[in-house]
Every structure is written in structure tokens, then in C-alpha cells.
1. Is it fair to say A:ASP158 is among the acidic types (Asp, Glu) and within 16 Å of ligand 1 (Cβ to nearest atom)?
2. Could you identify the single residue in B:LEU111, B:LEU99 that is free of Cβ contacts under 8 Å to residues at least 40 places away in the same chain and more than 29 Å from B:PHE140 (Cβ to Cβ)?
3. Looking only at the range B:257-290, filter to residues that are more than 18 Å from B:ALA244 (Cα to Cα) and of a type in the set (Gly, Ala, Ser); which one of those is modelled with the highest pLDDT?
4. In the range B:205-301, which helices (runs of 4 or more DSSP H) lie fully inside it and hold 2 or more residues that are surrounded by fewer than 16 Cβ atoms within 10 Å (Cβ to Cβ) and not assigned by TED's automatic domain parsing to the domain that holds B:GLY135?
5. Those residues that are surrounded by 14 or more Cβ atoms within 10 Å (Cβ to Cβ) and not in a helix (DSSP H, G or I), I need them from the range B:74-100; list them, please.
6. So which residues in the range B:178-188 are open to solvent by 50 Å² or more (accessible area, probe 1.4 Å) and within 9 Å of chain A (Cβ to nearest Cβ)?
7. Within the range A:83-102, which residues are surrounded by 18 or more Cβ atoms within 10 Å (Cβ to Cβ), more than 7 Å from chain B (Cβ to nearest Cβ) and more than 13 Å from A:ASP132 (Cα to Cα)?
8. Residue check, B:PHE70 against (1) crowded, with 22+ Cβ neighbours inside 10 Å; (2) more than 15 Å from the chain's Cα centre (by Cα), all met but one. Which one?
Amino acid sequence: MVLEVLNLVAGYWKIPVVEDISIRVDKGEIVALLGPNGSGKSTILKSIMGFAKVFKGRIIYNGLDVTGVPANRLVRMGIGYVPQVSNIFGSLTVKENLEIGAYLRKEKVEDDVEEVLEFFPELKGMLRRRADSLSGGERQLLALARALMGKPRLLLLDEPTASLSPKTALNVFSKIVEIRDEGIPILMAEQNVLKTLEVSDKAYILVSGKCIASGSSEEILKDEDLGKLYLGLK
Amino acid sequence: MALIIYFFLFSPYRWWMVINWLQVLMNSLVWGCMYLLATVGLSLTYGLSRFPNFAHAEYITFGAYMAYMFFSILGLDLYLSVGLAVLSSALLGGLSYILLFKPLKSRGASLIHLMVASIGLGLLIRHTLMQVFGGGILSFKMIWSCIFIGPVVTTPLLLTAIVTAFIVAILLHILLMKTKLGKAIRATADNPELAAASGIDMDRVSLFTWLLGAALAGFSGVFLAMRSSLVPLLGWKVLLQAFAITLLGGIGSFYGTLAASFILSLSENLGVVALTWLGLSADYRSAVAFIVLVSTLIVKPEGLISTVKRRA
Ligand SMILES: Nc1ncnc2c1ncn2[C@@H]1O[C@H](COP(=O)(O)OP(=O)(O)O)[C@@H](O)[C@H]1O
Ligand SMILES: [Mg+2]
């Protein structure tokens, strides 16, 4: 088991927005957080990273209690995170974005940049451009690439295909599967329910901050009531 | 315009006018350098910590008084005194970040809270300096010989200020663009949360920036005081200019600050020429900074180079 969230109550200031959430991510898995806008998917990921307030519950990473550990230490421990919005450094170049991704490593990162570019050939030839001049799809790829530069052992992705064209979204999904197959487990929030259930191993369905169902993605895909009522599937 | 060109080319006063213009350029260069040193720290800390630090004015003043103490009172070597003064300013900046602003921020203080706290800190520092050194005008009692470069007059002090500012600008360029720490500073100013999620220790990066910014402010204070005299309002008198430059350049942008420093000093010096022609007092000089500040906010609120995303 890589990550375990136990009975989490989290939110902002004094207001909890998610309640009694328990999540488990095992080796080699893509685990999906599904649910409508405002259901608390981002809040869960943020509370793991220490960006939202944890009122109750525990977060266990590789057997260690990391509840309340600041983000920069979690990165050091091997957790990579791609937020939903503002997930690149717009005023830095593409290359600098990648270098910052490898901030904690002492040695030269040129080779790693090359390697990441092999994985994201779309970014080749863009290294010197300011990141905020990229298209939406390219930004999403850069955000993923930045996180991968840190050589994470667990990746948290917040709606990596939001507001992308269907074709670009498919490309991102295939990268995510490849990353999983490389051995990096992924916990990701998504709105693209069908496609996500196709690629993920497990899923948790959230509605207004509560987990109303969870199970293997196959089971959830088969459950017609769940699909109709909460996921907008027919 | 035609009249000006006519004057420039054919008037019997044309040599006087040529000299005048070169001198205006020279003055603009000098003041641009002073402004750059005085402002770059304000802009960087504003970009990183996301609030305008009014006590920055007092880092300028503090540096000047410390140089006065080491040099004129304790009689230390000039360069040593300046070095110690710059270090003292850095220390003051670092301490104000660690003891005041960082704790306030981590308790969720708003922009207004931080701003008011910085005004309070500024008053505290200023009045402490007045208690210790008195409120009157002090002087380094240095007499600068005049250097004539063609038709332009300057002093060794001002030449030193220019050279220093250029060296500082080059070093800052190398720091911010080439080093890991500098890139971390820019990344943190751009997007603090993503910086933390990349492993950057924001506290360390911030502390370094506060130390550096206050050190440069103190440096500018030494030049400002040696050029004329030392008063408790030394820094406060250039704070409006510093804010105008920060906003015009784009909060947190080094190159913006660099450009804006010279734009403002040139505008001011041209403004003084215009005021003289109009027969008005040159005291209206600071109105130029005010006009630049207000027009920036109206026309291009993100400044020349935007690094910090505007939060809705
Ligand atoms: N920074 C914040 N401060 C206060 N409330 C927030 C903040 N971010 C999100 N919320 C609230 O938390 C709830 C869950 O939001 P979020 O976790 O972003 O949902 P999702 O990612 O599923 O769309 C929403 O009601 C939202 O208004
Ligand atoms: Mg979200």
C-alpha cells in the first residue's frame, strides 16, 4: 500500500468541505476520484499536500503518518502533485519549469530533461518559450512533465484533462496509463467519467463532500444506477 | 518642436543647451542607478511575499545611519563602514521578515494587515534612529571633487554609484536567470503553491530575498546620504518613487524594475527641465512619480513585465 487516507475531514479556514473520506492507493494502480464540480475532489488532493486544512483523520504514505507535513517535504518523500489550476510557472520558460521540477536533485538535470522530452515529444523545440505562451494541451503536458522531473513515487493529478479537446485529452490519458505502467501509482481527480473508469483500477464517487460509492472501476462501470444517478452515464 | 530644433541648431545659446541636455541625461543615469538599488528589493519582496513593505524606506535610511555610525562616529575605514552598513540593513530586513511578517503571514494576515504592520515597523525604526542619532541633519563631511567628462559634471561618488549599480544589476541577472536559487525565487513569486509542490522551501527563499533586498536598499541609502546629507526621512523621501517604479516595472520583475528605474529618473529630470522653463519650482519633481504611479495603475496595472498573476 502506497497511500492511505483514513476518515479525513478537511476544508478551508474553519469550514470542513469533505467528510469522513477514506482512500487507498496500492502499487501499480490508477485510483480515480469522480464526482461533480464542487464535490470536494480537489480539496482531498490539497489536504494530502498540506494546502487544505485537515480537521480530522490521517494520511499515511508508505507507512508513515504524513498528516500536516508541508508540501516541500512531501515532495522530498516522493510525492508529485499537479494542481487543477495554475499548474505551470507562466513567467518561466518551459526549460526552467522542468528544472524547477527537479529542484531537489543535486546533480545535473540535462539528461532528465532529455528523457522527459522523449516522453513528451510535443514539448520538444519549446524549451526556450515562456510557459504562458503554450496552448492549453501543451500546458497540461508541461505540468505533467514538471511533476515527473521530480521522479515521484506517487503522483496526485487534479483534473489533468479538464478543458482539453477530446483528442488532446485522449493523448493525456494515454500518457497517464504509460506513467502507471512505468510503476508510478496515481491518484487522480477527473470529470471525464467514462474514459477515467476505462483507464483506472479503482474509483471513489464523491457527492457534496461525501464518498457515496467506491470499488473497482469495472464494478462501477457496470452499476447502472450509480452511472445514471451520479455520473451522468446512460 | 520646430522651435526647439531651431533653438538647438541656431540659437546663440546652443552650446549651453547641448551641455544642459547631456547633464540631464547624466543626472537621469545617476538617479536611475540610485532608484534601482533602492527599489529592486521592494519589488522582489513584494512579488514573493505579496504585500508592499512600507518599512523598505527605513532599510534605506538605516543603511545610511549605520554607515554614518561606523565611519563618522567610530572612525572605521570607509569601505569597511559601507560593508558593515549594508550587512546591518540586510540583518534588519531579515529580522523584520522572521520576527514580524512571516508569523503574521502564517497566521493568515491579509494584505491590509501586513501593510499596516509594515507602516508601523517603519515608524518604529525611524523613531528609534531619531532617538539614537537625533532628528537633525547629519553629514558625512565629505567633499567631492568635480569631475568633468566633456561638458558634463559629476563626482567620484556618483561615478561609484553608477558602477556599483551596474555590477549589482549584472550579478542580479546572473543570480535570477542562471542559478538554482534565483530560479527558485522567480518560481516562488510566480506560483508559491506550485513552488512548494516542486520541493522549494519557501521560507528559505523568502528569507534570502528579504536579506538581499534590504542590503541593496541600505546600499542606496549610503549613496543618497553621502551625496547630500543624512536625515531621518531619507528613505521615506524616495518611497513614492520606489513604489512608482515597482508598479511600473511589474511587481516582482527585476527587468521591469531596471527599465522603470531609468524611465522614472529620466521623466523626473525632464520634468525638472520643464518646470524650470515654466518658471515653476523644481519641488514639484515628486509629482512626476505620482503621475507615473497613477497612470500605470490606470493604463497598465500589471506593469511593463508581469510576473505575478493578478488575483481576482
Ligand atoms: N480555497 C477555498 N476556500 C474556501 N472554500 C473552498 C476553497 N476551494 C474550494 N472551496 C469549496 O470547497 C468545495 C469543494 O471544492 P473542490 O474541492 O474544489 O471541488 P471539486 O474539485 O470536486 O470541484 C466547494 O464548495 C468550494 O466552494
Ligand atoms: Mg477540482
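The values are calculated or read from the model by the stated rules, or taken from the named source; none is laboratory data. Remember, it's a predicted structure, so these values are computed and weren't measured experimentally. Note that we place each Cβ from the backbone using ideal geometry, even for glycine, and neighbour counts take in every protein chain shown. Accessible surface areas use protein heavy atoms only, side chains included; no ligands, DNA or RNA. Shrake-Rupley method; radii C 1.70, N 1.55, O 1.52, S 1.80 Å.
1. Details: among the acidic types (Asp, Glu): yes; within 16 Å of ligand 1 (Cβ to nearest atom): yes.
Yes: the conditions hold for A:ASP158.
2. B:LEU99
3. Per the stated criteria, the residue is B:ALA274.
4. Output list reads B:254-277, B:285-299.
5. Scanning the range B:74-100 gives a single hit, B:LEU76.
6. B:LYS180
7. A:LEU98, A:ALA102
8. (1)
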